[in-house]
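First the structure, in the form of structure tokens, and then the observations on it.
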Amino acid sequence: MLKALRSYKKLEKHIVAMIVAEVFIQLINAAFLLILLIYMEKEGYHDHESAQYIKYRFLSVLIISFPLGIFIRNRKIKPLFYIAGFGVPISALLIIHAVSEHIDWLIYAAQITWGVAFTCLQVTALPFILRNARKDTHTEAISLSYSTWSFAGIIAGILIFSFRNINPGLFDEKLILQLLAIVGFCSLFFIARIKVKETVETDPNKRFAFGDYDYSLIFKVMVPTLLIAIGAGLTIPFISLFFFKIHGVDSDQFSLIGSVALIVVFASVVFVPAIKQKMGYKRAIPTTQSMAILMLIGLATTEMYQLSPWAVYIAILCYILRQPLMNLAGPMTSDLTMKYVGKKNQEIVSALIAAIWNGSWFVSAGVFEYLRESNIAYMHIFLITAGLYMIGVIWYYLLILDFEKRERLGLIED
């Protein structure tokens, strides 16, 4: 355990500064995922209406991700971090105001602005690490960057629960979201502390051309990403509504549950390098993802016996166990993907992953909106997610076999 944690000491200061900046931006993202939809429900928005609004955040990321991946190819990345540091908190504050005043056009506009600003971090973080961290710290840096979401979620959940229980009359969902959005501006301080001469390819003769990329490799890694992203888009943004409407779990209680789950996630993800070294991709990725699918099925089926006094506790247990199991695979699949496609494809693959995740979530939010408007049970929607995950896991296993074959042939770059 101590050996696994000591490996993080070798991370460079500029990488640590970037990761801390990520935490503050993810703090807003986590808080909004935890309680925004519950806040909107209390403000009179139905769940299918909320889905209609938030899907435009994912649409904006879809539109900008691919061009951004091309844009950063021969350019410095740090300036884009400032756009995220300013844009995400401002957009968050506008969303809160728009929901409170029922200014529908402003909700759409602020969601789109949020998506654009957040993309400037989401697409660029992984290429920044791969360019500017030493090779021997890549796995640790990627794992820690990946865990910023978990750590931010822990802090957000604890703060929301604490504020709501200290003075629920004063600290309603609106004020808590406003406070955490303002705290998000702290990311700018740490972005300013990223002091490194960025590694940038400066060949003036090298221009973007569609023929520069290995599309067969890119296609192979995109398929499981697409399957898992579509499934996740049907579940993750709406899990708070599932607990609120099916099991009567309010925002402060769900925030605490989410915080506990993310503590387990964070504690687990920091051991990813050790798990990968001991088990290898072939065992670690399919095993953790398969167990996560079983937990999701267990969570979904609690709707069948929701009136039972045990149903909510089983749902909470499945949710808490599912989170770390699915998130353990995340850094490993990212590491596998980037090694599989090779250096020249990495920036565009990072952009495509962001585009696929958010494009899929846009589509999934639309599907969720339609299914809920048609009174389809949450259980059936979550089981669709489980089915998509299963196909994705099988594809990842086949991808790992091909990776190992290419590695033996010397086709994988060090």
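When each of 38, 54, 64, 70 is tested for being part of a helix (DSSP H, G or I) and surrounded by fewer than 18 Cβ atoms within 10 Å (Cβ to Cβ), the lone residue that passes is 70.
Okay, residues lined up against (1) more than 21 Å from the chain's Cα centre (by Cα); (2) crowded, with 22+ Cβ neighbours inside 10 Å:
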residue: 286; (1), (2): no, no
residue: 294; (1), (2): no, no
residue: 309; (1), (2): yes, no
residue: 316; (1), (2): no, no
residue: 319; (1), (2): no, yes
residue: 326; (1), (2): no, no
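Looking across region 127-151 at every residue that is open to solvent by less than 20 Å² (accessible area, probe 1.4 Å) and not in a helix (DSSP H, G or I), the one that is nearest to residue 70 (Cα to Cα) is identified as 133. Filtering region 266-292 to residues that are assigned to a helix (DSSP H, G or I) and hydrophobic (A, V, I, L, M, F, W, C) leaves 266, 267, 269, 272, 274, 275, 279, 284, 285, 291, 292. When residue 106 is tested against (1) open to solvent by 20 Å² or more (accessible area, probe 1.4 Å); (2) more than 27 Å from residue 195 (Cα to Cα); (3) in contact (Cβ under 8 Å) with a residue 40 or more places away in the chain, just one condition goes unmet, and that condition is (3).
Candidates 62, 34, 93: the one that is at pLDDT 95 or above and over 30 Å from residue 197 (Cβ atoms) is 93. Tell me whether region 388-402 contains one or more residues that are farther than 30 Å from residue 134 by Cβ and assigned to a loop (DSSP other than H, G, I, E, B). For region 388-402, residues farther than 30 Å from residue 134 by Cβ and assigned to a loop (DSSP other than H, G, I, E, B): absent.
Could you list, in sequence order, the residues of region 296-307 that are assigned to a helix (DSSP H, G or I) and surrounded by fewer than 16 Cβ atoms within 10 Å (Cβ to Cβ)? Within region 296-307, 304, 305 meet the criteria. Consider residue 350 carefully, then state whether it is of a type outside the set (Val, Ile, Thr), open to solvent by less than 30 Å² (accessible area, probe 1.4 Å) and farther than 23 Å from residue 143 by Cα. So residue 350 fails the test. Checking region 69-77 against the condition returns no match, with no residue being under 23 Å from residue 152 (Cα atoms) and out of contact with any Phe, Trp or Tyr (no Cβ under 7 Å at 6 or more places or on another chain). All conditions but one from (1) open to solvent by less than 30 Å² (accessible area, probe 1.4 Å); (2) over 30 Å from residue 135 (Cβ atoms); (3) part of a helix (DSSP H, G or I) apply to residue 249; the one that does not is (3).
For region 353-384, the set of residues classified as open to solvent by less than 40 Å² (accessible area, probe 1.4 Å) and more than 16 Å from the chain's Cα centre (by Cα) consists of 366, 368, 369, 371, 377, 378, 379, 381, 382, listed by residue number.
The residues of region 213-227 that are surrounded by fewer than 19 Cβ atoms within 10 Å (Cβ to Cβ), under 12 Å from residue 399 (Cβ atoms) and not aliphatic (A, V, I, L, M), listed by number, are 219, 220.
Determine, yes or no, whether residue 344 is in a helix (DSSP H, G or I), surrounded by fewer than 17 Cβ atoms within 10 Å (Cβ to Cβ) and among the basic types (Lys, Arg). Here the answer is yes, as residue 344 does meet what is asked. Scanning region 124-169 for residues that are at pLDDT 85 or above and aliphatic (A, V, I, L, M) yields a total of 11.
The values are calculated or read from the model by the stated rules, or taken from the named source; none is laboratory data. Please read all numbers here as calculations on a predicted model, not as lab measurements. Methodologically, a virtual Cβ is constructed for each residue, glycine included, from the backbone with ideal geometry; neighbour enumeration extends over all protein chains shown. Each accessible area value is taken on the protein alone, full model and side chains, heavy atoms only, with ligands, DNA and RNA left out. Shrake-Rupley method; radii C 1.70, N 1.55, O 1.52, S 1.80 Å.
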